[in-house]
1. Multiplying the sequence separation of Thr52 and Val100 by 0.36 nm and subtracting their Cα-Cα distance, what value in nm do you get?
2. For a bin width of 10 Å, list the pair-distance distribution of the range 3-115 built from all Cα-Cα distances, rounded to whole %.
3. Full extension from Ala33 to Gln107: what is 0.36 nm times the residue separation minus their Cα-Cα distance, to one decimal in nm?
4. For Lys64, go through the aspartates and glutamates and keep the ones whose alpha-carbon is under 19 Å away, minus same-chain ones fewer than eight residues off.
5. Might you tell me the accessible area per residue for the chain, computed with a 1.4 Å probe and given in Å²?
6. In the chain, what percent of the accessible surface is made up of carbon and sulfur (1.4 Å probe, ligands and nucleic acids excluded)?
Amino acid sequence: QVQLVESGGGLVQPGGSLRLSCATSGFTFSNYAMYWFRQAPGKERAVVAFITSTGVTNYAGSVKGRFTISRDNAKSTVYLQMNSLKPEDTAVYYCHAGLVGPAYWGQGTQVTVSS
């Protein structure tokens, strides 16, 4: 069975940091790109960052320079290090594998940036 499970969300003050993790199983993790998406209330789900199977990364302009995506193939886990957080980063963050189907999304983890 395919599973993607996010963790690490929570409440943080503006300027703070948070590290999200997404532990996966049920597919050959090292063969696929991995993505982080986020969705705020009233907004469409949007890509935040991705990392290819070869380690090439890209970021949405709004997070470039503040967020870092990485992967540990030995642990089948993808991470999102979030620094200098802003209130507009508040959203549910979702992990996604580069495969089509609802099984390749995590359940989401809430990130709230507020003083």
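The values are calculated or read from the model by the stated rules, or taken from the named source; none is laboratory data. None of these values were measured; they are calculated from a predicted model. Side chains are part of the model used for accessible areas, which takes the heavy atoms of the whole protein and leaves out ligands, DNA and RNA. Shrake-Rupley method; radii C 1.70, N 1.55, O 1.52, S 1.80 Å.
1. Values: separation 48, 0.36 × 48 = 17.28 nm, distance 1.56 nm.
Length gained between Thr52 and Val100: 15.7 nm.
2. It works out to 15, 51, 29, 5, 0, in whole percents.
3. Values: separation 74, 0.36 × 74 = 26.64 nm, distance 1.83 nm.
Gain on extension, Ala33 to Gln107, equals 24.8 nm.
4. Glu88, Asp89
5. Here the per-residue accessible area is 51 Å².
6. Numbers: 2920 of 5900 Å².
Accessible surface attributable to carbon and sulfur in the chain totals 50 percent.
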